[in-house]
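What follows is a single structure, written as structure tokens, with notes after it.
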Amino acid sequence: MIEFDLTINKQAEIQGIGFDNDNSLSLEIMFQLTGTQNWGVSGDRDTGTGQSQHFKINVGSYYSGDYQYLVLVGDDDAQRLVVI
């Protein structure tokens, strides 16, 4: 289970979170939190900005295993896909 609050100040195509081992994005283990583009595992996406939204994701219901990295993803056409 992963639980957090997130405030989006500027809407992008993809804003997500996930897990990784090899520094290469895998859509099946990334959760889209908000954005206008359909990408990764997505549920109820809030496309609004400026207000905090609470997320509680039951990661174990989507996949299991050991991962080294927690990954934050942001994509905007003006920028390349960024892995932090």
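The values are calculated or read from the model by the stated rules, or taken from the named source; none is laboratory data. Predicted, not measured: the structure shown is a model, and the values here were computed from it. Keep in mind that these areas ignore ligands, DNA and RNA; they rest on the heavy atoms of the full protein, side chains included. Shrake-Rupley method; radii C 1.70, N 1.55, O 1.52, S 1.80 Å.
Some notes on this structure:
- Average accessible surface area per residue within the range 1-40, 1.4 Å rolling probe, Å²: 51
- For TRP39, no residue 5 or more places off, or on another chain, has a built amide H under 5 Å of its own.
- Protein heavy-atom surface of the range 1-42, 1.4 angstrom probe: 46% of the accessible area is carbon and sulfur, with nucleic acids and ligands not counted.
- For the range 54-70, 3J(HN,Hα) computed residue by residue from phi via the Karplus equation (6.51, -1.76, 1.60; θ = phi - 60°) reads 8, 10, 9, 10, 7, 4, x, 7, 9, 6, 9, x, 9, 10, 8, 10, 8 Hz, glycine and proline entered as x.
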